[in-house]
Amino acid sequence: MLITIITINYNNAAGLQKTVESVLSQSSRDFEYIVVDGDAPQPPKGGVLRDLEVIDGFIKEKAKTVNGFTACNWHSPFGGVGGGFYSEPDTGIYNAMNKGIRMAKGEFIHFLNSGDWLVDEHVVENMLFALSSPPLGELEGVDIFVGNKIMVRPDGKVRYGKNDKRPVTALTFYRGTIEHTSAYIRRSLFDVVGMYDENLRIVSDWKWYFDAVLNHHAQVAFTDIYVSYFDNSGISSTNLELDKAERRQILEQMLAPVVLADYDRHHLAIDQFERLQRYPLIYKFFYLIERILFKFDKWHMKYWGWKKKA
């Protein structure tokens, strides 16, 4: 089984260096690595690290021009890692991600964007083992295999995110998403669902997941393996208004109005109920009150709601 790791970069040399270092330090050799660079204007040499210098520093091979864009195909010192560095102007992050998908040869794709990095040198080894040697074959046919991530703030503080492993439903996407930076996605699923929507700036990966699960019945599985550190200062974390607007646009396109109306009306009550369930004693207290109110309504309908005909 081969993994393709794809890194998207645009004018983020420091972040790119951190990402590339974590990938090329992996103990497993069973992956290819593709970096898709947006060919941003580079600062002058000296004093400021530049994107191409990061690649040159690790690959030790000069860039050359292939079919109109800069490409530097490398071979890892391990001898097992293949891939390449591709730099040309693009129209945005999802345009760059789609380029990476078309080049990928791995059975599964992992997007590790510039500025994010793998938690340790055993991530690929552990994820491959989990996918290829699951107990009782329970991961056979899985399309999206999701690990945990560690979120990192600009001040260096971290928060360990953990998948709750609840079944993925439409409600999952109404109030959140499946993690992207810690997910391994089956390459063939893009042939079925299609590529990322390049008209969206922030939520195209969320829309793609939604479409894959809702309309194409993609199978999702979770693992407790920590996969990546996630830089929490990216556009999807800071431009919340655009994120909200794009999500609403897609919800209105993908859900029938009567279904969306139910989610709008009841999702907070569902959240409150699930929150109460995490605290058994409090939950039992409110459950008792609800049962009393239920009996009250039932008796009202059966006995008290009747009046003599005028």
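The values are calculated or read from the model by the stated rules, or taken from the named source; none is laboratory data. The shown structure was predicted, so the numbers you read here are calculated from the model rather than taken from an experiment. Ideal geometry is used to build each Cβ from the backbone, glycine not excepted, and the neighbour counts take in all protein chains shown.
The single condition from (1) farther than 20 Å from residue 169 by Cα; (2) hydrophobic (A, V, I, L, M, F, W, C); (3) surrounded by 10 or more Cβ atoms within 10 Å (Cβ to Cβ); (4) modelled with pLDDT of 90 or more that residue 299 fails is (4).
The residues of the range 140-166 that are of a type in the set (A, V, I, L, M, F, W, C) and either under 15 Å from the mean Cα position of the chain (by Cα) or surrounded by fewer than 18 Cβ atoms within 10 Å (Cβ to Cβ) (or both), listed by number, are 144, 145, 146, 150, 151, 158. Against the test of being out of contact with any His (no Cβ under 7 Å at 6 or more places or on another chain) and free of Cβ contacts under 8 Å to residues at least 24 places away in the same chain, the options 212, 221, 170, 269 yield a single qualifying residue, 269. Residue 242 falls short of the stated requirement of being surrounded by 12 or more Cβ atoms within 10 Å (Cβ to Cβ), assigned by TED's automatic domain parsing to the domain that holds residue 161 and either touching a Leu at 6+ places or on another chain (Cβ under 8 Å) or of a type in the set (Val, Ile, Thr) (or both). Filtering the range 3-21 to residues that are out of contact with any helix residue (DSSP H, G or I) (no Cβ under 6 Å at 6 or more places or on another chain), surrounded by 20 or more Cβ atoms within 10 Å (Cβ to Cβ) and within 18 Å of residue 232 (Cβ to Cβ) leaves 12, 15, 19. Considering only residues in the range 167-188 that are part of a loop (DSSP other than H, G, I, E, B) and within 15 Å of the chain's Cα centre (by Cα), the one that is surrounded by the most Cβ atoms within 10 Å (Cβ to Cβ) turns out to be 182. With the requirement that a residue be at pLDDT 95 or above and aliphatic (A, V, I, L, M), what does the range 181-212 give you? Of everything in the range 181-212, those that are at pLDDT 95 or above and aliphatic (A, V, I, L, M) turn out to be 183, 185, 189, 192, 193, 195, 212.
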